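Notes follow once the structure below has been shown.
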Amino acid sequence: MIPADDRRTACISSQIGCPVGCKFCASGIGGLDGNLSAGRIIEQVWRLGRLPEVDRISNVVFMGMGEPLSNFQAVMAAVRRLATLPPAGLGISARKITISTVGLPHAIEKLARELELPVTLALSLHAPNDELRSTLIPWAEYTNIPELLEACQAWFAKTGREITLEYILLGGVNDRPEHARELAELAKTIRANVNLIRYNEVKGMPFDRPDDDAVRVFQDILRAKHVNTHIRASRGRDIAAACGQLRHERNG
Ligand code: SF4
C-alpha cells in the first residue's frame, strides 16, 4: 500500500514470480511459479483496504510481481470486479487502475479493445534503444521498440488515453545524457508521459542506484524537449518491498 496525499494505492502482483526475468529485478530471479487467479488478485486489494490506516483504496497499480498481460484473462476478470460497485465489487474506477507491461504488442491491442474498462497503460521501456533494452529485459528479443511504439499509437487512437513510459534509472547504465536525448525522441512520437524510477538495490545484482545529479540532468533534458516527466518517489525500500525488490521465498 502506497500512501501519497489523499491517495491510497495498492501495488499488486499478477503472478507468483515472473517469467520475464529483467536483469535488475528480484521478482524474476526464480522464474515463474504460476499465475494468480482473479480471486487472489482481488484479495490483495481487499486485504490492503482493511488495514487500520486505510480508509479506502483509491488506486491500483499492477506493478508488483509478474507480467500482467501474460495472465490476461485473470487480470481482466479482476479489473472488472474491482471496478464493479459494492457489494459485488470494490468500486474502484477503472481509470484509477494502471496495468504495467514490458510490452506485448498483441496483448496491448487486445487490452485497447476492452473499451468498457478504461484502464491506464504503462509501458516499461527502461532503455531508449533495442540494443541496450535487450541486455536488460530478456523478453525484448521477442519484439522491438518501433513495434511497441506502434502498439502505443494504436492504443491512443482507440482509447484516447495517454500512456506512461516507465524508465528505471540504473547508475552508469542507462542514465546518461545521450540516453535522455534518445528517450525524448521516442516519447515525442506518441502521447506519453515519462515516469523516472531510481533503481532500488537488490542484493547480488550488478546495478547501482543513480546519483541524484544524474537523475536531475536526465529529467532536465527530457523537460527541455517538452516531454512531461516525473520522478517517482521511492516507497518501501526500508522493508525491501520497493519497485523491483519483491520476491518470493520458500520455507524448507
Ligand atoms: S521488472 Fe516486472 S516484468 Fe521485469 S522481472 Fe520484474 S516483475 Fe517481471
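Brief remarks follow.
- Once you reduce the range 179-238 and the range 46-118 to the center of their Cα atoms, the two points are 25 Å from each other.
- Split the accessible area of the chain by element, probe 1.4 Å, and carbon with sulfur accounts for 49%.
- Helix-only [θ]222 nm of the chain, DSSP H runs n ≥ 4, -39500 (n - 2.57) each, per residue, nearest 500: -9500 deg cm²/dmol
- For the chain, the antiparallel share of DSSP beta bridges with both residues in that region comes to about 20%.
- For residue 134 and residue 232, a Förster radius of 25 Å and the Cβ-Cβ distance give a FRET efficiency of 0.55, rounded to the nearest 0.05.
- Solvent-accessible area per residue in the chain equals 49 Å², computed with a 1.4 angstrom probe and all protein chains kept.
- Based on C-alpha pairs under 8 angstrom that are at least 6 apart in sequence, the range 2-239 has a relative contact order of 15 percent.
- Placing R0 at 35 angstrom, the Cβ-Cβ distance between residue 51 and residue 115 gives a FRET efficiency of 0.60 after rounding to 0.05.
- Given the chain, longest segment not containing exposed loop GluC sites (Glu not before Pro) (DSSP; at most 11 other Cβ within 10 Å): 117-248
- With the simple model of a label 7 Å out from the Cα in the direction of the Cβ, residue 141 to residue 106 spans 1.9 nm.
- Alpha-carbon Debye profile of the chain, log10 I(q)/I(0) at 0.08, 0.15 Å⁻¹: -0.29, -1.11
- Sites residue 211 and residue 182, calculated FRET efficiency, Cβ-Cβ separation with R0 30 Å, nearest 0.05: 0.95
- Environment charge at residue 105 (Cβ cut-off 9 Å; Lys +1, Arg +1, Asp -1, Glu -1): -3
- Residues 46, 155 ordered from highest to lowest accessible area at a 1.4 Å probe: 46, 155.
The values are calculated or read from the model by the stated rules, or taken from the named source; none is laboratory data. Keep in mind the model is a prediction, meaning the values are calculated, not measured. Cβ coordinates were reconstructed from backbone atoms using ideal geometry, including for glycine residues, and neighbour counts include every protein chain displayed. These area figures cover heavy atoms from the full protein model, side chains too; ligands, DNA and RNA do not enter into them. Shrake-Rupley method; radii C 1.70, N 1.55, O 1.52, S 1.80 Å.
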